[in-house]
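Working notes for the structure below.
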Amino acid sequence: MNDQPKIAAAHPAPVPFHEPGELVIRNVNWAGMRALYRKEVRRFMKVQLQTIWAPAVTTLMFLVIFTIALGGANRQVLGVPFADFIAPGLMMMGMMNNAFANSSFSLLAGKMQGTLIDYLMPPLSVGELLLALVGAAVTRAVAVGLALWGAMALWPGVHVTPTHLWAVIWFGLMGASLTAFIGVMTSIWAEKFDHAAAITNFVIGPMTLLSGTFYSIDRLSPLFRAISHANPFFYAISGFRYGFVAAADGNVLVGSVVLLALNAGLALLCYVLLRKGWKLKA
């Protein structure tokens, strides 16, 4: 009986709280990053009719217009039927547009709705926050791309069987990540939805439409061909198309290096802006 207090003292009850400043989460906060990623994915999946299926149908209409309404079904570009040439470009265009739309909304919506603290306050590092936001945007891009691929695979006269699967995966991820990082920067910079819409209308839209989606740049004059080579979206679409038709109007290796370098540079820039709290913290 006399030994019971000594045993209890030797094994004190665990303290449910930690001392202020004590490091609890070491290395990577996988649980927190996964929670934010799932939150972002669930946000666009709850309205998937608007975020996935509507963009897929809208992009599919381009295929119908250019191959049927404008009589392009019998044309050939880069040695392949025009429908096979344009289909991968349309898929990549839809993926890039939707990756930007997703990543440019999160932080901006937090600013407008007064919920920005929900992104800044949790125990997430800057890299974990950025990775979760970009990962969710790429997930939406992949969902749109799969929806488009399924519809085009069933469309008569269109062949979208991958020839080089590595190119489809690599350039799909690189292209979607590129616009996702641009979307994060837009979300940091923008103060209202009009600012994000301006980037969509005057930057993302023109760069995707003038990137060789509907034509081969070999038919352009030397000046406009050089301008197209300066457009990073061209490398994403050309490389993605190469994965399906084994033909490209640009150097696939150069495109891979350019996209990798741009993604690394944009990731670093986003990291610096988030770390400094530019336009995010008072």
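Since only T59, L154, A198 are under comparison, the one whose Cα sits farthest along the positive direction of the charge dipole of the chain, derived from C-beta charges on Lys, Arg, Asp and Glu, is A198. Other residues within the sphere of radius under 15 Å centred on the Cβ of F171, judged by their own Cβ, net out at 0 (K and R +1, D and E -1). Along the charge dipole of the range 219-282, pointing to its positive end and built from +1/-1 on Cβ of Lys, Arg, Asp and Glu, which listed residue (Y235, N251, Y271) has its Cα farthest out? Ranked along the dipole, the leading option is Y271.
Helix 54-64 and the long axis of the chain differ in direction by around 10°, with both axes built from C-alpha atoms.
Peptides 87-95, 229-237, 212-220, ordered by how many other C-beta atoms sit within 10 Å of their residues on average, highest first, read 87-95, 229-237, 212-220.
What's the whole-number percent of alpha carbon pairs in the chain lying beyond 36 angstrom? Please list the in-between numbers first.
On the way: 10142 of 39621 pairs.
Cα-Cα pairs of the chain separated by over 36 Å account for 26 percent.
The range 164-207 and the range 220-251 have their alpha-carbon centroids 18 Å apart.
Each of Q76, P88, A143 was placed along the dipole of the chain (beta-carbon charges, centred on the mean Cα), and the one lying farthest toward the positive end is A143. Taking a ≥ b ≥ c as the square roots of the Cα gyration tensor eigenvalues, with a/c under 1.5 meaning rounded and otherwise prolate when a/b beats b/c, else oblate, which class fits the range 111-264? Because a/c hits 1.5 or more and a/b exceeds b/c, the range 111-264 counts as prolate. Which of N27, N98, N263 moves the most in a Gaussian network model of the chain with Cα springs under 10 Å? Among N27, N98, N263, the largest GNM mean-square fluctuation belongs to N27. Rounded to the nearest 20 debye, the dipole size of the chain about its Cα centre is 260 debye, using +1 on the Cβ of Lys and Arg and -1 on the Cβ of Asp and Glu. Taking the chain as a Gaussian network of alpha-carbon nodes connected by springs under 10 Å, the highest mean-square fluctuation of the residues G157, G127, G175 belongs to G157. Close Lys pairs in the chain (alpha-carbon distance under 21 Å; sequence gap of 8 or more, or different chains): 8.
Quick note: the coordinates plus some simple rules give every number you see, no bench work behind them. Because the structure is predicted, anything quoted here is derived from the model rather than measured. When we count neighbours, we look across all protein chains shown, and the Cβ atoms used for this are built from the backbone with ideal geometry, even at glycine.
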